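Visitor: Mind having a look at this structure? Questions to follow.
Please treat every number below as a calculation from the coordinates, not as lab data. A quick note: this is a predicted structure, and the numbers were derived from the prediction, not measured. Cβ: placed from backbone, ideal geometry, glycine included. Neighbour counts: every protein chain shown.
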Amino acid sequence: MLSSVKSFVISFIVALLVFGALGYYAYPYVKSVSDGFLRPGSADDENTTVDTGIAAPDTLETDESGTPPDPTNDFEGQQSFTLLLFGSDYQPDVFSDYRVTVSTSSDIDVLASHQRHYTADVITLVRYSAELGTVIFSAIPSNMTVNAGGINMSLGEVLEKKNVTYFIGMIESVTGLTVDYYVYSQIALFKDIVDMLGGVKFDVPVDMKYTNDEERIVEPGASRDPIITGYDKNGDPITVLPGKAFKIDLNKGIQTLNGEKASWVLRYNAYNNGKPDYVRYRDTQVNFFKVMFEQVMREEFRARLSLVISEINKRGSTNITPQEFEEISTTLLNYPAYEKATVPFPGNNLNIGGVQTFSYSRSEAYKTYDKYKLK
């Protein structure tokens, strides 16, 4: 009897050891097979293609990793929206060439040759996509030719010839994206915004040296009328425009820019031996805003950004109310967690009769931005 019990115990122990070993070494294989039945797309990963809705790496431009964003990032509670930033160098309180009254024929001549136009010079789309975990920056060429009300003009001119609402509608028309929020900033407001944020640390790409004798800066309270210094042999007056010449004077390299110097960075376009280079101009615009967002779209800047939004509202230059800012602030201030990408607007720069313009295909533009729209 005892020998039978002893034999049973020994057999039982041996069986435990054998099956335990088999289970240990067979587990990975069994698990992979079972997972293939339980989890769609997990079995035979090398031969299975899963459509994630994300562009392949060669069609999505990124700055850091060179790879498309990971759609599995968890941005619970975040909002997707498109923010349009656009600005004009319109400064009638600074420059002398905004004269709106005339009294002599010579005044008419001055107006014809020097009067400044009120255009959108800087146009940048910022798209937060919580679904993709991506923030894209895209400079929209202000010199592209569009048709507004049956008249061909540059996109930047639409702001002057029409109005802000029409201009925003035109941006939506050429990109296929709905603009949820906008900030429109003339130079004076832009300078104040940068100063309120404490400046922007930026790597100026080149020495920026520019002088324009016809853009005259006039001190507050001074006369803006041309000064007559004499008369030529035909009896016509010899005039000198008032004020001092506008200058941009920045050295290449990393530096903290105040409002005025930051405005110089966005205005400078003479990269090509003193001639306009709109490709580098738009690249610098995008880089500046990306750096600015990197520095200020953080939780520690919440109170300061709230004051900035209030100031912009006072000047009637945004549709973001202080209440709406609070609603989207969680997304805005989570900027460091998002992948960042630069998306160039598709098209070609052309020189027609000495005038720089930009041509585009609406279908190609829609295709470019479609991947960032809500599905």
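Visitor: Residue farthest toward the positive end of the dipole of region 64-370, with Cβ of Lys/Arg at +1 and Asp/Glu at -1: which of 188, 328, 240?
Guide: Of the candidates, 240 comes out farthest on the positive side.
Visitor: What are the lysines whose alpha-carbon lies under 30 Å from the alpha-carbon of residue 275, with same-chain residues fewer than 8 places away excluded?
Guide: 161, 162, 191, 201, 209, 244, 247, 252, 261, 290
Visitor: Starting from the amide H of residue 182, placed 1.01 Å from N in the peptide plane, find each other amide H under 5 Å away whose residue is 5 or more places distant or on another chain.
Guide: Distant-sequence amide H within range of residue 182: 84, 319, 320.
Visitor: Also, I was wondering about something else. Pop out the ³J(HN,Hα) list for region 246-262 in order, Karplus 6.51 cos²θ - 1.76 cosθ + 1.60 with θ = phi - 60°, rounded to Hz; leave Gly and Pro as x.
Guide: In residue order, the calculated couplings are 6, 9, 10, 9, 10, 8, 4, x, 6, 7, 8, 9, 7, x, 5, 5, 5 Hz.
Visitor: Further, regarding this structure: How would region 128-259 be classified by its alpha-carbon gyration tensor: rounded, prolate or oblate, with rounded meaning a/c under 1.5 and the a/b versus b/c comparison settling the rest?
Guide: Verdict is oblate for region 128-259.
Visitor: If I stretch the segment between residue 254 and residue 366 completely, what's the gain in nm (0.36 nm per residue apart, minus their alpha carbon distance), one decimal?
Guide: 36.7 nm
Visitor: Also: Does a label point 7 Å from the Cα of residue 232, set along Cα-to-beta-carbon, have any residues of region 195-226 with amide nitrogen under 18 Å, and which are they?
Guide: Hits in region 195-226 for residue 232 at 18 Å: 214, 226.
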